[in-house]
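Take a look at the structure set out below.
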Amino acid sequence: MRKQFAKTLQEIGEDDKLVVLIGDISHFLLRDFEAKYKSRFYNLGVAEQGMMSMAAGLAIKGFYPIVHTIAPFITERCLEQIKDDLCYQNLGVNIITVGAAFDYAALGCTHHCYDDIAILKGLPNMQVIYPGAPHEFDALFKETYANGSPTYFRLSEHKHSIATSPKFGEVEKLKEGSDITLVVAGPQLGNAFAAAEDAAKQGSTCDLIYLTTIKPISARSQKLIRDSLKKTGKLVTVEEHSVAGGIADEVRIIAGGVPYVEKRMGVTDKFLVNYGSYDEHCVALDLTQEGILKTLNEIK
């Protein structure tokens, strides 16, 4: 995903309003952009709050700033600047993170970030985008980077391999079913897709709905979600994020008074205190093909 970020920047770098600010990461990755557009590339070091305020100033002057570093350092540490400098003034700054929820699992809790979407989507004017594959980031960034609104891109080191056609503000229904509404965000789409196929073999079919835009979601896509819940009456959500403030909360708002039962898959109300790999954390959280299938069977 990070390689696609660098490639996408190279492709649109001739836009002289595009300015990149990094927090002392991705130097090698972005070396070609820096070499070609040196006057529009700044490394501000470990000064993330100042970097966010600088980006706001650039946006006021008509530039399209990108601020980039590890997820917890640019969201939790900079929340006041994001709220006051970006969202309150509705400035078109693009926040692009790496590390997602627990990609940096071996570095421990300081580098985890499984509440970023919950924190940021509550801010007025903030747009939240969660691509689960490189082609999704490329399409969604090119569509939105100059739209004048603060936008958060949550990038993971991991990706799914499902064919998707992302469009800003829209969801995609990737499977048609009648028993369960399965709503997924991020790289877990691969596991969810495979689990839905396994469930179908056992006689239970899913409406598989995939979100790349978390906020805003268009009226057409909201209707698609509501219609699915009216049909199935059952919801399973899957995400590498806290289940509090995650996509299930968004679905509940969209559903209005539609009645349904639900199961949420993600990070519960706890810190992930164990060290290990990304895959080991996924297994511990049941964020696997087998774990998702088990949950689909439990909600039947």
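Read the figures in this text as sums done on the coordinates, not as results from a lab. Just so it is clear, the structure is predicted and the values come from calculations on it, not from any experiment. Virtual Cβ from ideal backbone geometry, glycine too; neighbours counted across all protein chains shown.
Couple of notes before you dig in:
- Near Met51: Cβ cut-off under 14 Å, other residues only, Lys/Arg at +1 and Asp/Glu at -1. The net charge is -3.
- Residue-count net charge about Leu272 - beta-carbon cut-off 13 Å; Lys, Arg +1, Asp, Glu -1: -4
- Angstrom value of the Kirkwood radius, inverse mean 1/r, which spans all Cα pairs in segment 171-229: 11.6
- Note: relative contact order over the chain, using C-alpha pairs below 8 Å and six or more positions apart, is 16 percent.
- Peptides ranked, highest mean first, by Cβ atoms within 10 Å: ranges 126-133, 10-17, 277-284: 126-133, 277-284, 10-17
- Rounded to the nearest Hz, the phi-derived 3J(HN,Hα) couplings of segment 109-125 under the Karplus curve 6.51 cos²θ - 1.76 cosθ + 1.60 (θ = phi - 60°) are 4, 4, 9, 7, 7, 10, 10, 5, 5, 4, 5, 7, 6, x, 8, x, 6, where x marks glycine and proline.
- Taking the number of Cβ atoms within 10 Å of each Cβ as an exposure proxy, the fewest-first ranking of Leu182, Leu123 is Leu123, Leu182.
- Correct option for mean projected area of the Cα convex hull in nm² [calculated from the coordinates] among (i) 14.4; (ii) 17.2; (iii) 18.8: (i)
- Computed from the C-alpha gyration tensor, the three semi-axes of the ellipsoid equivalent to segment 2-154 are 20, 18, 15 Å, from longest to shortest.
- Segment 62-174: relative contact order in percent, alpha carbon pairs under 8 Å with at least 6 residues between: 30
- Protection proxy ranking of 194-205, 48-59, by the mean of other Cβ atoms within 10 Å over each peptide's residues and highest first, is 48-59, 194-205.
- Residue pairs exceeding 21 angstrom between C-alpha atoms, taken from Lys121/Lys294; Lys7/Lys36; Lys7/Lys38: Lys121/Lys294.
- Per residue, the average separation of C-alpha pairs within less than 8 Å and at least 6 apart gives segment 1-114 a relative contact order of 24 percent.
- From the alpha carbon centroid of segment 233-259 to that of segment 155-198 is 15 Å.
- Computed on the Cα atoms alone, the convex hull of segment 171-298 gives a volume of 98 cubic angstrom per residue.
- Neighbourhood net charge (15 Å Cβ-Cβ; Lys/Arg +1, Asp/Glu -1) for Ile74: -4
- Rounded to the nearest 10 degrees, the angle from helix 289-298 to the longest Cα principal axis of the chain is 50 degrees.
- Ranked by the mean number of other Cβ atoms within 10 Å per residue, highest first, peptides 1-9, 89-97 order as 89-97, 1-9.
- Mean residue ellipticity, 222 nm, helices only, the chain: the sum of -39500 (n - 2.57) across DSSP H runs of n ≥ 4, divided by residue count and rounded to 500, is -10000 deg cm²/dmol.
- In this structure, the amide hydrogen of Lys234, modeled 1.01 Å from its nitrogen in the peptide plane, lies closer than 5 angstrom to those of Thr181, Val261, counting only residues at least 5 positions away or on a different chain.
- Using Cβ point charges alone (K and R +1, D and E -1), the dipole size of segment 1-90 about the Cα centre works out to roughly 240 debye.
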